[in-house]
Amino acid sequence: MSTTEDQKLHSILAEFRNPKELTDVAKKMANSGYNRFDTFSPFPIHGMDKAMNLKKSKLGWIVLGHGVLGFTLAVAMMYYMSVIDYPLNISGKPFFNAPAWVPIIFELTVLLSAFGAVFGMFFLNGLPKLHNPLFNSERFKKATDDGFFACIEADDDMFEAEKVKELFEEAGATHIEEVYE
């Protein structure tokens, strides 16, 4: 196995005692101008998105777009089938019988919205990501149990290892470590 000298630095990871400290360091990171950072906790923390200065998610617009597409495709498909391709006169009912189409329109709208939600979430989260260098850290395994972590990636324009460590120390980190690719 190679040593840390010939591996590329991925990020600096810091552990905190509780959600309050994690929220405070998230505010500090955002106010310091860092863009490529994240926080990890075993449960959602109210106000974390605001502390990190995160923008509103685009997922709602993706789901809406897919819902409108599903609605449009359902109406177009049934209009083509019932009016243009194979019109059947059944008991004098009109070819354009919208009330009978409601279940199919509803189902296709919901189906495409659900696909938009799932695949849009995958796209926005950069999934599938089969490995993250943070998984190499033994302490990071606590993130799903009782650990609160903050991480600043080395890709950040403002990243300087010593300044990041200093920021984490001032914020009260209980453990700071460098994570390598």
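Taking 7 Å along the Cα-to-C-beta vector as the label spot, tell me the VAL68-LYS129 distance in nanometres, rounded to one decimal.
Here the answer is 3.0 nm between the modelled labels.
Describe numerically, in nm with one decimal, the distance between label points set 7 Å from Cα along Cα→Cβ at LYS142 and at MET81.
Inter-label distance under the simple model: 5.8 nm.
Check SER11: other-chain or 5+ apart residues with amide H under 5 Å from its amide H, H built from backbone geometry?
ALA154, VAL179
About the Cα centre, and with charges only on the beta carbon of Lys, Arg (+1) and Asp, Glu (-1), how big is the dipole of the chain? Nearest 20 debye, please.
1100
Work out from phi, with θ = phi - 60° and the Karplus expression 6.51 cos²θ - 1.76 cosθ + 1.60, the ³J(HN,Hα) of each residue of segment 145-159, listed in order in whole Hz, and give x for Gly and Pro.
Result, rounded to whole Hz: 10, 8, x, 10, 10, 10, 9, 10, 7, 5, 6, 4, 4, 8, 5.
With Cβ to Cβ distances under 15 Å as the rule, what net charge do the other residues near GLY67 carry (K, R +1; D, E -1)?
Cβ neighbours under 15 Å give a net charge of 0.
Quickly work out the GLU162-to-LEU111 label distance, labels modelled 7 Å from Cα along the C-beta direction, and quote it in nm with one decimal.
In this crude label model, LEU111 to GLU162 measures out at 6.2 nm.
Pop out the ³J(HN,Hα) list for segment 72-78 in order, Karplus 6.51 cos²θ - 1.76 cosθ + 1.60 with θ = phi - 60°, rounded to Hz; leave Gly and Pro as x.
Rounded to whole hertz, the list is 5, 4, 5, 5, 5, 4, 6.
Can you give me the accessible area per residue for the chain, using a 1.4 Å probe, in Å²?
Numbers: 12060 Å² over 181 residues.
In whole numbers, the chain has 67 Å² accessible per residue.
What number does the chain give for Rg over Rh if you use C-alpha atoms and the Kirkwood radius?
1.25
Give the angle, between 0 and 90 degrees and rounded to the nearest 10, that separates the Cα long axis of helix 98-124 from the longest principal axis of the Cα atoms of the chain.
It works out to around 20 degrees.
Figure the gain on full extension for ASN35 and ASN97 (residue separation times 0.36 nm, minus the Cα-Cα span) and round it to one decimal in nm.
Gain in length upon complete extension: 16.9 nm.
What are the ³J(HN,Hα) couplings of segment 20-32, residue after residue, when phi is run through the Karplus curve with 6.51, -1.76, 1.60 and θ = phi - 60°? Round to Hz, x for glycine and proline.
4, 4, 5, 5, 5, 5, 5, 4, 4, 5, 5, 5, 7
Is the shape of segment 52-128 rounded, prolate or oblate, going by the alpha carbon gyration tensor and its root eigenvalues a ≥ b ≥ c, with a/c under 1.5 for rounded and a/b larger than b/c for prolate?
prolate
The values are calculated or read from the model by the stated rules, or taken from the named source; none is laboratory data. Model, not experiment: these values are computed from the prediction. Note: ideal-geometry Cβ built from the backbone for every residue, glycine included; neighbour counts use all protein chains shown. Please note that ligands, DNA and RNA were not included when accessible areas were found on the heavy atoms of the full protein model with its side chains. Shrake-Rupley method; radii C 1.70, N 1.55, O 1.52, S 1.80 Å.
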